[in-house]
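Everything below concerns the one structure shown next.
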Amino acid sequence: MPTRSPRAASAILIWTAIVILYVVWGSTYLAIRVAVETIPPFVMGAVRFATAGLVTLAAVAVVRRGAIVGPTRRELRDCAVVGTCLRFGGMGLVSWAEQTVPSGITGVLIAMMPVWVAIYGRAFFRERLPALATLGIVVAMAGVVVLVGQGVTLDRSLDPLAVAALIASPMVWAAGATFSANRARLPADPFLATGLQMLFGSVVLAGAALLSGEVAQFRPAAVTLDGILATGYLIVFGSLVAFTAFAWVIRQAPLPLVATYAFVNPVIAVFLGWLLLHESVGPVQLIAGGVIVAGVAVIILARSRMSGTIPEGATEDDTGPSAVAAA
């Protein structure tokens with residue numbers, strides 16, 4: 001990871017970058033929900049990350065002006081692993097699930113990613129887990145049980161398979177983030193690494209689109225203007241603008257402040273889903289979502305105090321959520 005810049009940035013610029021993370025990454029769930037109404041999810045994801053990846057690599061080529069060190073075979077392999085976990089396992093499953101699950105609930109469930117990062121770090125790398133972080137894990141898990149139990153078994157408003165995908169998504173995403181932080185050998189230039197990960201992820205998503213029959217069933221004429229605009233928003237803002245803001249602000253601002261996007265994003269997702277898509281938000285959903293967000297906040301703050309480095313769960317793209325981001 002790059003070291004923090006010694007030059008102090010203005011508070012206005014720092015807060016501008018953080019607000020971008022709040023709003024853009026929090027709104028990606030809404031954009032995905034709109035996009036998959038007329039564009040198959042894996043097709044949409046392949047287009048999104050192929051475009052964003054190519055633009056990122058082109059920008060690196062222009063800015064670095066021939067000074068780029070070519071990636072080794074090991075670096076390419078590890079970029080492929082991370083890209084598959086984050087773009088396919090993370091955002092691909094999210095897009096597929098949002099065909100039936102409201103964007104607000106999706107944002108809340110994906111906020112579980114830091115929980116799995118903490119669990120994997122403890123289980124596989126013997127990282128110290130503060131008592132406060134353990135409490136946060138228990139609280140967040142309890143919130144998921146309540147939210148999923150209410151939606152799947154009580155009022156049956158949620159598709160069990162889609163919910164399973166949303167539970168698996170942050171687990172896979174966290175595996176990729178943990179591997180990236182602890183074992184992966186990636187290009188030194190973070191933008192080069194991200195561009196490659198996006199491209200590898202788009203290839204896997206394209207394969208999933210072919211194998212699932214999405215490509216054969218896709219009818220471009222049926223795509224609405226809203227679907228095109230939503231996909232464009234995900235490419236430009238979710239995968240390019242927000243990442244640039246994130247890559248800059250983690251060098252300029254205190255880690256606990258930057259990490260707040262991880263538990264603000266679900267709040268933004270629920271609010272926008274209710275405001276713009278008129279998604280139903282019941283008392284049980286609000287309480288369970290609040291419990292999950294509180295648990296995630298406790299984990300992030302506890303781990304931030306334990307280490308002065310960027311948390312392993314912070315991804316370089318959207319999503320992120322971890323990037324807990326969204327996506």
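At a 10 angstrom cut-off on C-beta neighbours, averaged per residue, how do the peptides 228-240, 208-220, 85-97 rank from highest to lowest?
Numbers: 228-240: 20.8, 208-220: 13.7, 85-97: 28.8.
Packing order, densest peptide first, comes out as 85-97, 228-240, 208-220.
Using just the helices of the chain, give the 222 nm mean residue ellipticity in deg cm²/dmol: DSSP H runs with n ≥ 4 each add -39,500 (n - 2.57), and the total is spread over all residues, rounded to 500.
Numbers: 16 runs with 209 residues, N = 327.
Per the formula, -20500 deg cm²/dmol.
If contacts are Cα pairs under 8 angstrom and at least 6 residues apart, what is the relative contact order of the chain in percent?
Values: 541 pairs, mean separation 128.2, N = 327.
For the chain, the relative contact order is 39 percent.
For the range 1-151, what relative contact order do you get, as a whole percent, if you take Cα pairs closer than 8 Å and at least 6 residues apart?
Details: 46 pairs, mean separation 46.9, N = 151.
After rounding, I find 31 percent.
Evaluate the charge dipole of the range 134-234 about its Cα centre and quote only its size in Debye, nearest 20, assuming +1 on the Cβ of each Lys and Arg and -1 on the Cβ of each Asp and Glu. Mind dumping the intermediate values first?
Working: 4 positive and 5 negative charges, 50 e Å.
Rounded to the nearest 20 debye, it is 240 debye.
What is the dipole size for the chain, taken about its Cα centre, with +1 at each Lys and Arg Cβ and -1 at each Asp and Glu Cβ, in debye to the nearest 20?
Working: 20 positive and 15 negative charges, 225 e Å.
Computed charge dipole of the chain: roughly 1080 debye.
Just from the alpha-carbon atoms, what are the Rg and Dmax of the range 209-308 in angstroms?
Using the Cα atoms of the range 209-308, the pair Rg, Dmax is 18.4, 53 Å.
Viscosity 0.890 mPa s, temperature 25 °C: Stokes-Einstein D of the range 92-203 from its Kirkwood Cα radius, in µm² per second?
Numbers: Rh = 15.6 Å.
The diffusion coefficient I find is 157 µm²/s.
Can you give the translational diffusion coefficient of the range 24-114 in µm²/s, computed by Stokes-Einstein from the Kirkwood radius over Cα pairs at 20 °C and 1.002 mPa s?
Values: Rh = 14.8 Å.
Using the Kirkwood radius from Cα pairs, D works out to 145 µm²/s.
Full-extension gain between Leu276 and Leu225, please, as 0.36 nm times their residue separation minus the C-alpha to C-alpha distance. Walk me through the numbers on the way to the answer.
On the way: separation 51, 0.36 × 51 = 18.36 nm, distance 1.64 nm.
In short, 16.7 nm is gained.
Set Lys and Arg Cβ to +1 and Asp and Glu Cβ to -1, take the dipole of the chain about its Cα centre, and tell me which of Leu286, Val47, Ala181 lies farthest positive.
Ala181
Could you check the spin-label model distance between Arg251 and Ala9? Points 7 Å from the Cα along Cα→Cβ, value in nm.
Reported label-point gap for Arg251 and Ala9 is 0.9 nm.
Per Stokes-Einstein, at 20 °C and 1.002 mPa s, what whole-number D in µm² s⁻¹ belongs to the chain, with the Kirkwood radius over Cα pairs as the hydrodynamic radius? Numbers along the way, then the final one.
Numbers: Rh = 19.4 Å.
Taking Rh from Cα pairs, D becomes 110 µm²/s.
What are the ³J(HN,Hα) couplings of the range 66-75, residue after residue, when phi is run through the Karplus curve with 6.51, -1.76, 1.60 and θ = phi - 60°? Round to Hz, x for glycine and proline.
x, 8, 6, 8, x, x, 7, 4, 5, 5
Put Ile18, Ile287, Ile137 in order of accessible area, largest first, 1.4 Å probe: what do you get? Don't skip to the end; give the middle numbers.
Details: Ile18 0, Ile287 115, Ile137 20 Å².
Heavy-atom accessible area, descending, gives Ile287, Ile137, Ile18.
The values are calculated or read from the model by the stated rules, or taken from the named source; none is laboratory data. Since this is a predicted model, take the numbers as computed values, not measurements. Here Cβ is always computed from backbone atoms with ideal geometry, including for glycine, and neighbour counts include all displayed protein chains. We work out accessible area using only protein heavy atoms, side chains counted, and drop any ligands, DNA or RNA first. Shrake-Rupley method; radii C 1.70, N 1.55, O 1.52, S 1.80 Å.
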